[in-house]
Every structure is written in C-alpha cells, then in structure tokens.
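S.K.: Handing you this structure, nothing more for now.
The values are calculated or read from the model by the stated rules, or taken from the named source; none is laboratory data. Please read all numbers here as calculations on a predicted model, not as lab measurements. Note: ideal-geometry Cβ built from the backbone for every residue, glycine included; neighbour counts use all protein chains shown.
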Amino acid sequence: MARVVVTGGAGFLGSHLCRRLLERGDEVVCLDNLITGSIANIEALFAQPGFTFVQHDVSTFIWVPGEVDAVLHFASPASPADFERIPIQILKVGSLGTHNALGLAKAKGARFFLASTSEVYGDPLVHPQPETYWGNVNPIGPRGVYDEAKRFAEAMTMAYHRHHGLDVRIVRIFNTFGPQMRPDDGRAVSNFIVQALRGQPITIYGDGSQTRSFTYVDDEVRGFLALLDRPITGPVNIGNPVEFTIAQLAEIVLEVTGSSSPLVFEPLPVDDPTQRQPDITLAREALGWEPTVDLRTGIEHTTAYFRGALEI
Ligand code: UDP
C-alpha cells in the first residue's frame, strides 16, 4: 500500500488510474485544475476513504502535506483540438508542471512517473516506432506545443534522474480510448462514435489512409501499473500494436453502432502523423505486458458508455 499523488487525476486516463490505484489499496491524492478533466470522472471515487481531491493548476507550485510514495504526472490536455484552443496551458503544464511535480517527488523522496506520448515520435520516419527512435517533430507547428512540451518533460525527468538520483519512470502512451472520454474531445474515436449515435456525418480528416494503433483504456492502465511497480526507467511504449487506418476505424464504428451516418471528408490537420504503431518488444520483455482487448470490443464498451452518458 502506498500514498500516491496523481496530477490530472480527473482527466480521462488519470481518473481510470486513480480508480485502479484505490482498488489495489493505495491512497490517492488527485490534483486537477479541471480545464479538461471533470468531477464527473471521479464522482464515484469520493466515497472511498483513501481518496482526496484538490483543485489545483500544477503549473504553479505544488505542495501536498504528509508522506508521498509516488507522484504520477498525468496533467495535460492531450487532444489535437486542445492544441489550437489552449496552446500556452499545454506548454506550461508540460514544462512548469513537470518541473513542479518532479520537485514534489524529490522533496518527498517519492518515485516519479511521467505520462509521455507517442507524439514524441512526431510524424515518424521509422515504422513501427521503438523507444530508441528520436522522432520527427516540427517544433513550430500547431502540434509542437504538445510534442515539444512532452519532449521537454522527458528531458527534465531524465535530468532529475541523473542529477538528483530520483527514481523515475517514463511511459509513452499511444492513442487510448474508452469510457470517460469527453464526447467533445475532438478525437477520432469519440467523434466517430458520437456522430454515429446521433446520425450525423462521420468526419474523416484527409482521405482516411493515415494510421493509428488504438489501445483500450483498461489495457493501458494495466501497463502503467506494471511499469510503476518495476525497476525500469524507460521510456517504455505502452500501446496496442495492431494498426488501423482511420477509414477502417470509421467502418468498425458504423458496424458496432448500426448507424447509417454518411462519411464526409474534411481537410487533414497540419502535421497530422501519417502512420503510428508502437514496437512493444520492451513492454513485453521487461513488463510482461501486452494488450488483450481488441479494437472492436473496446469500441463496443465505449459505445455503451456514450449511449448512457449522452442518453442516445
Ligand atoms: N481524425 C479524423 N476525424 C475526426 C478526428 C480525427 O479523421 O473527427 C483523424 C486525425 O486527423 C488523425 C486520426 O484521426 O489522423 C487520429 O486523431 P486523434 O485526434 O484521435 O488522435 P491523434 O491525431 O492525436 O493521434
């Protein structure tokens, strides 16, 4: 049993992580400024004795009274739609927020866990992407606010590890979906399911030939805990290596929802990666982790969630 601080704990991934930590008997202090997270995501956790919520922007100084065993830094808007809307907050939470969270971990003698991203690989020229690949990121493009903030966060985390001897973990998270995604998140999975359920056109950006590899949230969180508990710094890719085109994703959503929504094609966002697939050799060998939920099954669960949440 441990006392764990989760920044961004009211977000999509953070809230699932808080729930799993509580289920295994850990105490959880959840920090979130609620700019993209929501109380609805953590509503059920308030009843649990080990759970505390503090509304706080971690890009300003963080202090948590008492002992802390681990700081899990999940605070950051992460949808491309957010990159346009709140770019400065994204840069601040990835840089200042990571520095503050590292400072808290150092002060407490706690383990630090960074939620990094497949976006550090940018529009990758190596396929699939192993952790050793340095990436292909446009620093001044609209995605650069997220990609470079996370690359800086990795650099800062490794500097604390080397310079201060801090015990750290870095996970690179690939596209993850599931219940508690925001319906207006702007992601392909949430957009397509909500559009299909409402009978609205499915918006495919570009010609739909770009690829992603989608991980169901329960698999992803299990990967986080496997990494947290093992003496491996990383970075470690945690993602489902089964790759789909966005057009294939749209077809699966239409089949699962039984919708007859038409497909409409819209312009591809600037710097949208053409392909993405994790090489998970390291996760398999070092963590014994691999995903178990296939895309269609995950889409079924997520569709059931959106039907309930949106009453459609
Ligand atoms: N996408 C799309 N229609 C949408 C939302 C996204 O075609 O309504 C595309 C987007 O351009 C990208 C892919 O789907 O190529 C995955 O987008 P998402 O925002 O889910 O994740 P990310 O781009 O961060 O991988």
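S.K.: Can we say F192 is closer than 30 Å to D167 by Cβ and in contact with a strand residue (DSSP E or B) (Cβ under 8 Å, 6 or more places away or on another chain)? Steps first, please.
M.R.: Values: closer than 30 Å to D167 by Cβ: no; in contact with a strand residue (DSSP E or B) (Cβ under 8 Å, 6 or more places away or on another chain): yes.
No; evaluated as a whole, the condition is false for this residue.
S.K.: Could you figure out which of (1) under 19 Å from the mean Cα position of the chain (by Cα); (2) surrounded by fewer than 22 Cβ atoms within 10 Å (Cβ to Cβ); (3) within 16 Å of the ligand (Cβ to nearest atom) isn't true of S116?
M.R.: (2) is the only condition that S116 fails.
S.K.: I'm trying to understand the selection: among the residues of segment 288-299, which are surrounded by fewer than 16 Cβ atoms within 10 Å (Cβ to Cβ) and either part of a helix (DSSP H, G or I) or not charged (D, E, K, R) (or both)?
M.R.: Of all residues in segment 288-299, those surrounded by fewer than 16 Cβ atoms within 10 Å (Cβ to Cβ) come to 288, 290, 292, 294, 296-297.
G288, T292, R296, T297, listed by residue number.
S.K.: Residue check: is N175 modelled with pLDDT of 95 or more, farther than 23 Å from L225 by Cα and touching a strand residue (DSSP E or B) at 6+ places or on another chain (Cβ under 8 Å)? First the steps, then the outcome.
M.R.: On the way: modelled with pLDDT of 95 or more: yes; farther than 23 Å from L225 by Cα: no; touching a strand residue (DSSP E or B) at 6+ places or on another chain (Cβ under 8 Å): yes.
So N175 fails the test.
S.K.: Now for a separate question. Name the residue that is surrounded by the fewest Cβ atoms within 10 Å (Cβ to Cβ), counting only residues in segment 179-192 that are part of a helix (DSSP H, G or I) and touching a helix residue (DSSP H, G or I) at 6+ places or on another chain (Cβ under 8 Å). If you could, list the steps in order and put the result at the bottom.
M.R.: Taking segment 179-192 first, the residues part of a helix (DSSP H, G or I) are 188-192.
Remaining after also requiring touching a helix residue (DSSP H, G or I) at 6+ places or on another chain (Cβ under 8 Å): 188-190, 192.
Values: A188: 24, V189: 23, S190: 19, F192: 26.
In this case the residue turns out to be S190.
S.K.: Checking G223 against (1) under 20 Å from the mean Cα position of the chain (by Cα); (2) small (G, A, S); (3) away from the ligand (no atom under 16 Å from the Cβ); (4) surrounded by fewer than 21 Cβ atoms within 10 Å (Cβ to Cβ), only one condition comes out false. Which one?
M.R.: (4)
S.K.: For a quick check of your reading of the model, give me the residue pairs whose first member lies in segment 193-213 and is under 26 Å from I312 (Cα atoms), whose second is within 11 Å of the ligand (Cβ to nearest atom) and assigned to a strand (DSSP E or B), with beta-carbon atoms closer than 6 Å and at least 6 apart or on different chains.
M.R.: Every condition considered, the pairs that remain are Q195/I202; P201/V264; I202/L263; T203/V264; T203/E266; I204/L263; I204/F265; Y205/E266.
S.K.: Exactly one condition in (1) at pLDDT 95 or above; (2) out of contact with any Leu (no Cβ under 8 Å at 6 or more places or on another chain); (3) of a type outside the set (G, A, S) is false for L166; which is it?
M.R.: (2)
S.K.: Another question, if that's okay. Can we say D123 is under 22 Å from L13 (Cβ atoms) and within 11 Å of the ligand (Cβ to nearest atom)?
M.R.: Numbers: under 22 Å from L13 (Cβ atoms): no; within 11 Å of the ligand (Cβ to nearest atom): yes.
For D123, the condition - under 22 Å from L13 (Cβ atoms) and within 11 Å of the ligand (Cβ to nearest atom) - is not met.
S.K.: So if I check each of Q195, Q200, which one is surrounded by 19 or more Cβ atoms within 10 Å (Cβ to Cβ) and either in a loop (DSSP other than H, G, I, E, B) or within 11 Å of the ligand (Cβ to nearest atom) (or both)? First the steps, then the outcome.
M.R.: Working: Q200 fails: surrounded by 19 or more Cβ atoms within 10 Å (Cβ to Cβ).
When all the criteria are applied, what remains is Q195.
S.K.: Okay, next question. Within segment 28-79, track down each residue that is small (G, A, S) and part of a loop (DSSP other than H, G, I, E, B). Full working, then the answer.
M.R.: Pass one, segment 28-79, residues small (G, A, S): 37-38, 40, 44, 47, 50, 59, 66, 70, 75-76, 78-79.
G37, S38, A47, G50, S59, G66, A75, S76, A78, S79, listed by residue number.
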